[in-house]
Amino acid sequence: MAMRNLLLIAAGFIILMGSVLIFFGDEHKHDTGMNRMAAADTSASFDASLIGARQAYWAGDVAQAETLYSKIITTNADNINAWGELGNIYYMQAKWKEAANAYTEVTLLLIDKKDMQQAAFFHGLVNQMDREQSERINERLRSLNNI
């Protein structure tokens, strides 16, 4: 029964991740001159990397997708989409600890963005997979309450 509930949550998560992708989209800072051009180049590079990772996943090359998502988060640890989609890959392979870690990063980023509703959803998912990762989230929430 617990596994069935977890699978139902995962199905909801996959649907929700589509919403996260649409909701967050690409964030561009307004700037002028060279900084704006450099930011656009970096953003285009991340977009291309994310598209490449997604294409690898949908082509059934899960190992390549995992590698590409990992590269993205190595160079841009704040990429919520890459973390979430990497979590999906781990989840679908029943790599619970790795999935919980990726979803924890998503949750922490959502907390930083003050999106507590989606953060609560991911926190619940993480809590079912890995209590230690859930405690990381609890610590961040407690630190916000102590400010």
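Values in this text are rule-based calculations from the coordinates and carry no lab data. Here the structure is a predicted model, which is why all the values come from computation and not from measurement.
Between Trp96 and Ala120, what length in nm is gained on full extension when 0.36 nm per residue of separation is reduced by their alpha carbon distance?
On the way: separation 24, 0.36 × 24 = 8.64 nm, distance 1.86 nm.
Working it through step by step, the gained length comes to 6.8 nm.
Which of the three applies to the stretch 47-102, rounded, prolate or oblate, going by the alpha-carbon gyration tensor with a ≥ b ≥ c and a/c under 1.5 meaning rounded?
Details: a/c = 2.10, a/b = 1.11, b/c = 1.89.
Since a/c reaches 1.5 but b/c is at least a/b, the shape of the stretch 47-102 is classed as oblate.
First check a/c for the stretch 55-147, with a ≥ b ≥ c the square roots of the eigenvalues of its C-alpha gyration tensor; if it is under 1.5, answer rounded, and if not, answer prolate when a/b is larger than b/c or oblate otherwise.
Taking the square roots of the gyration eigenvalues as a ≥ b ≥ c, the stretch 55-147 is prolate.
Rounded, prolate or oblate: which fits the stretch 103-145 when a ≥ b ≥ c are the square roots of the eigenvalues of the alpha-carbon gyration tensor, with rounded for a/c under 1.5 and prolate only if a/b beats b/c? Before the final figure, lay out each step's value.
Working: a/c = 1.96, a/b = 1.26, b/c = 1.56.
The shape class here is oblate.
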